[in-house]
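What follows is calculated from the coordinates using simple rules that are stated; it is not laboratory data. Only a predicted model underlies this, so the values are computations on that prediction, with no experimental measurement involved. No Cβ is skipped: glycine too gets one built from the backbone with ideal geometry, and neighbour counts run over all protein chains shown.
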DNA sequence: TCCTAGTTGCAACTCAGTCTCAATTATGAC
DNA sequence: GTCATAATTGAGACTGAGTTGCAACTAGGA
């Protein structure tokens, strides 16, 4: 599987070790779809009978990010969520503040505009966050109905 | 001054009181330019000889946001910064992760694209975050020089 | 002036994430 | 395979931003 090789490669290039815990974390991440958080992963480790400590998980998430395997989504109120990135295009997010639903969107035009903005300012972009918050179709409908 | 009326109006509409502390906070906010954080405001209160407790400040910042007077910028690692919004256009940010510099940019095209994305998904936007992280011109130059 | 809902400061608390440290282990060299 | 050693681990203490409970105080309408 591509992600495993990629991680092994990243580790050896940085003189880091492929431990049992790292394998367990990677497995869990690869087996989780959508957007997940630290507690979901910890619960998954327990369920699988391969516990990994909170400290170790927190120590290794940045490694998975550096290796390009996952991506971190910093949400309001210090909530962090992660999502698998291997073999995916860059995309941004629509976040429903009622039900927590996260939708994705891609826009080459936005990316082009960002590049242009950076170029004009001599700014070297290393990353960006682009989140639209609001009410998803279902929640918006529910709200309309409630108000009559 | 526009902001003061605006806040007084917001308070009375919501049956809230115009206290000494709220006046001090608003004064400090209006007298601070650029992007500021909670500790800067607290230091300002002390400097002005009008201390306000941390709890009270935290309780009132959301009120200033609801009143449309300031805007909250949620940055990485749970750092929050604020900026004055009265009489300003909506804008987004370029954040230098080396020196902390925050630049602003405006793009009607990005806003148009966002509206279009939302329309297509039946999503009702209530807010958004659009931050570009990287190295500002000065820091990027410094980095290039360091590498030779 | 009185009444009361709203407000305040303080200190205790929460919560996500980080750090310390002693014990353990992967990996490269032999 | 054995050894040496630098990296890694779990537990629990810690940090820092922000929140909360509470008793004392106060703005502002009746």
Relative contact order computed over chain A (Cα-Cα under 8 Å; 6+ residues apart), in percent: 19
Sequence-separation-based contact order of the stretch B:1-62, relative, with Cα cut under 8 Å and 6+ spacing, percent: 28
Overall dimensions of the protein assembly as shown as given by Cα atoms, namely Rg and Dmax in Å: 22.2, 67
Estimated FRET transfer efficiency (residue B:86, residue A:104; beta-carbon r; R0 41 Å; 0.05): 0.75
Label 7 Å beyond Cα on the Cβ vector: residue B:32 copy-to-copy distances, nm: 3.5
Exposure proxy ranking, count of Cβ atoms within 10 Å, fewest first, for A:89, B:93: A:89, B:93
Size-normalised alpha-carbon gyration radius of the stretch B:90-148, reference 2.2 N^0.38 Å: 1.55
Between the stretch A:104-118 and the stretch A:65-100, the Cα center-to-center distance that results, in Å: 17
Virtual spin-label span in nm between residue A:15 and residue A:143, 7 Å along Cα→Cβ: 5.4
Helix A:2-13 axis, angle to chain A major axis (alpha carbon atoms, nearest 10°): 60
Exposure proxy ranking, count of Cβ atoms within 10 Å, fewest first, for A:27, B:109: B:109, A:27
With Cα atoms, 0 to 90° folded angle of helix A:20-30 axis to chain A main axis: 30
Where only alpha carbons of chain B are counted, the Rg and the Dmax (Å): 18.3, 63
MRE, 222 nm, helices only [DSSP H, n ≥ 4, -39500 (n - 2.57), over chain B, to nearest 500]: -15000 deg cm²/dmol
Whole-number percent relative contact order across the stretch B:90-148, with pairs defined as alpha carbons under 8 Å at least 6 apart: 44
Ranking of B:105, A:10, A:123 by count of other Cβ atoms within 10 Å, fewest first: A:10, B:105, A:123
